[in-house]
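Working notes, structure below.
The values are calculated or read from the model by the stated rules, or taken from the named source; none is laboratory data. Bear in mind that the values here come from a model prediction, so they are computed numbers and not experimental data. Neighbour counts are summed over all protein chains in view; Cβ atoms, including those assigned to glycine, are modelled from backbone coordinates with ideal geometry.
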Amino acid sequence: MRKITLMLAALVAGVALNAQTITHNNSQTVDDGLGLTCQSGGITTDNQFFGVFDLAGDFGITGAWQIDEVQFGVDEVLNAPGDAYNVVVNAYTTDNGNPNGTLTLLGGDAITLSSGDALSVVSVPFSTPAVAPAGSVVVIELLVVDDTQTGFRLGATGTASNDDSWILADACGLTTADTYANIGFPDRWHIMNVVGQDILGVGDNIADLVSVYPNPTSDVLNVSIPANVDVNSAALYDVLGKNTGLVLADGQINTSNLARGVYILNIETSAGTLTQKIVKE
């Protein structure tokens, strides 16, 4: 039996940076009719679907990672009462690399689907972001229930994915989570993506996470700062320490009127101070 414990996101302090989407899927197209779901008489029974995301091993994410959103494919939603069907999404860590280990709950949210969502990929933003500790293997669970009326199928692709899709459904004899391939469906993989951000923790250097380019510059200097980092002030100084008066606006500094030479960029942020030499050519 799976053991589930709760991990509070507040235990991991830091600033979220660099939004990215991770997925094992090589196609985001929902193939009509490939969705795999345990049903009885066309009505979906209780099902749990899982995706496993080894943050470091599969995606090179070595630090703490904030989960902001989960996306998944929908094949069909039929005969739902009021054309509304709820799916719960949860994020866990696992201690053995698959959904049958000890799962530690990180957070989750829910979405209400309708028939209009068929053959699309839907997004479930987490109202409270979930934080996965460094080195985690994350398990995403989609929980669907038997409401006695709805025929729901999770969206799948026939394009080979980079990892397994998992399902658990007691009504179909699947009392522990197993892969689609192991239960006789090696030709399909459910579509599941996770959107998240790196966490800037104590000791991390914001200079490693901010991009300033091109340098040397001629007309425009681009400054790419993660969206969740607040900029308190930004200034470009000459070598004598005089502020040039140029401003950072929409991620850019117009340097076209600067004289050639060396300047110092100083940006004060909520995650630390960036100081960098800039060459105007």
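Listed values, structure above:
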quantity	calculated
Meets criteria (in contact (Cβ under 8 Å) with a residue 60 or more places away in the chain, surrounded by 17 or more Cβ atoms within 10 Å (Cβ to Cβ) and of a type outside the set (D, E, K, R)) for residue 36	yes
Criterion (without any contact (Cβ under 8 Å) to a residue 12 or more places away in the chain and not aromatic (Phe, Trp, Tyr)) met by exactly one of 250, 238, 219, 230	250
Odd one out for residue 105, checked against (1) in a strand (DSSP E or B); (2) on the phi > 0 side of the Ramachandran plot	(2)
Residue match in region 181-190 (condition: over 24 Å from the mean Cα position of the chain (by Cα), surrounded by fewer than 24 Cβ atoms within 10 Å (Cβ to Cβ), polar (S, T, N, Q) and in the same structural domain as residue 102 (by TED's automatic domain parsing))	yes
All positions within region 46-87 that are part of a loop (DSSP other than H, G, I, E, B) and either within 25 Å of residue 147 (Cα to Cα) or at pLDDT 95 or above (or both)	46, 79, 80, 84
Region 123-141 - residue that is surrounded by fewer than 17 Cβ atoms within 10 Å (Cβ to Cβ) and over 23 Å from residue 60 (Cβ atoms) and, of those, modelled with the lowest pLDDT	128
Lone qualifier among 165, 115 - being out of contact with any Phe, Trp or Tyr (no Cβ under 6 Å at 6 or more places or on another chain) and not hydrophobic (A, V, I, L, M, F, W, C)	115
Complete set of residues in region 208-238 that are modelled with pLDDT under 85 and surrounded by 13 or more Cβ atoms within 10 Å (Cβ to Cβ)	209, 210, 225, 226, 228, 229
Checking residue 163 against (1) part of a loop (DSSP other than H, G, I, E, B); (2) over 17 Å from residue 191 (Cβ atoms), the condition it does not meet	(2)
